[in-house]
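Everything on this sheet refers to the single structure shown next.
What follows is calculated from the coordinates using simple rules that are stated; it is not laboratory data. A quick note: this is a predicted structure, and the numbers were derived from the prediction, not measured. Methodologically, a virtual Cβ is constructed for each residue, glycine included, from the backbone with ideal geometry; neighbour enumeration extends over all protein chains shown.
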Amino acid sequence: MIKHVFADMDGTVVEHKLAIDPKVMEILNNSDKDVIIVSGQDMEHMDMQLGGLQCIKMAQSGNLSPKWYNLLSPVEYDEICEHIYHIKTIFPEYVDHTRDDHITNMGGQVIFSFRGKNASYENKMSFDLDRKKRKLVLKTVPFKNDKFNCSIGGTTCLEYTKKDFSKGANIERYIQVMGWNKDECIFFGDALQPGGNDHSVVGVIETVEVSGPKDLLIKFEEICKR
């Protein structure tokens, strides 16, 4: 029996960068399952997008959670920025050079947005919905680092996290801290494929890929019947 439901936020529980749909909130709030949202976003954006959803929030891929807060050192941040510099040099056409908000040090992870953190919704949605551009970037400029993972997130971003503090590792750590049974846990995400920012959850607990909030509701209600 599933008791604990983990889920990605953007592209899963909510449409990218938008507030939660009232129907999604109603169904999740009325469920008897624990709902844990694990997002690459910071806590401020999670609060804004999830509104009154009754859930546990794990921000920055779970590096900010009710149980711990994992910070990057200045040296680690510089290592990540060096990789971003190479990307911007080799793929200048992908970067909006009119903006200066491409890199966000969130504390527990770093986000690089090709369009800019505060770019318009239309700008972001027109960039790389099929992830082909960012897959090409990572194939051409792989991030070879023993301590960090680099994955594709959101609509315009690359997410840099410590290998021991990826989304999957943080979910596994949280389950252990709570004393939960893995067989009673499930994860919903829209980027479970290799290179996606949900891929690290594969093999940790049962995973279900969804295409957005509407698909989430269909599959969530199916799971609740188990």
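General remarks:
- Solvent-free Debye calculation, one equal scatterer per alpha-carbon of the stretch 74-163: log10 I(q)/I(0) at 0.22, 0.25 Å⁻¹ equals -1.15, -1.48.
- Candidates Q49, Q60, Q109: whichever shows maximal mean-square fluctuation once the chain is modelled as a Gaussian network with Cα springs under 10 Å: Q49
- Using a cutoff of 8 angstrom between alpha carbon atoms and counting only pairs six or more residues apart, the relative contact order for the chain works out to 23 percent.
- With a Förster radius of 35 Å applied to the C-beta separation of K219 and Y69, the computed FRET efficiency comes to 0.65.
- Cα-based equivalent ellipsoid of the stretch 161-226: semi-axis lengths in Å, sorted from largest, via gyration tensor: 21, 17, 8
- Fraction of beta bridges assigned by DSSP in the chain that are antiparallel (%, nearest 5): 45
- Taking θ as phi - 60° and the Karplus parameters 6.51, -1.76 and 1.60, the scalar couplings of the stretch 81-96 work out to 4, 5, 5, 4, 4, 5, 4, 5, 6, 7, 10, x, 5, 7, 9, 7 Hz in sequence order, x denoting glycine and proline.
- Relative contact order [Cα under 8 Å, 6+ residues apart], the stretch 74-163, whole percent: 27
- Rounded to the nearest whole Hz, the Karplus-based 3J(HN,Hα) values (6.51 cos²θ - 1.76 cosθ + 1.60, θ = phi - 60°) of the stretch 101-106 follow the sequence 10, 7, 10, 10, 8, 8, with x at glycine and proline.
- GNM flexibility winner over the chain from R173, R134, R99 (Cα, springs under 10 Å): R99
- Principal semi-axes of the equivalent ellipsoid, √(5λ) from the alpha carbon gyration tensor of the chain, are 29, 19, 15 Å from largest down.
- Cα-only Debye scattering, the stretch 108-226: base-10 log of I(q)/I(0) at q = 0.15 Å⁻¹: -0.78
- Relative pair counts by distance (%), Cα atoms of the stretch 69-115, 5 Å bins: 5, 21, 29, 22, 14, 7, 2, 0
- Relative exposure of L18, L138, judged by other C-beta atoms within 10 Å (fewest first): L18, L138
- At 0.692 mPa s and 37 °C, Stokes D of the stretch 22-148 from Kirkwood alpha-carbon radius, µm² per second: 197
- FRET efficiency, E79 to Q193 (Cβ-Cβ, R0 30 Å, nearest 0.05): 0.70
- The simple spin-label model puts a point 7 Å past each Cα toward its Cβ; for D101 and I27 those points are separated by 3.2 nm.
- Here is how the number arises for the chain: DSSP H runs of 4 or more residues each give -39500 (n - 2.57), the sum is divided by the residue count, and the result at 222 nm is -9500 deg cm²/dmol.
- Relative contact order for the stretch 13-97, counting Cα pairs under 8 Å that sit 6 or more residues apart, in percent: 22
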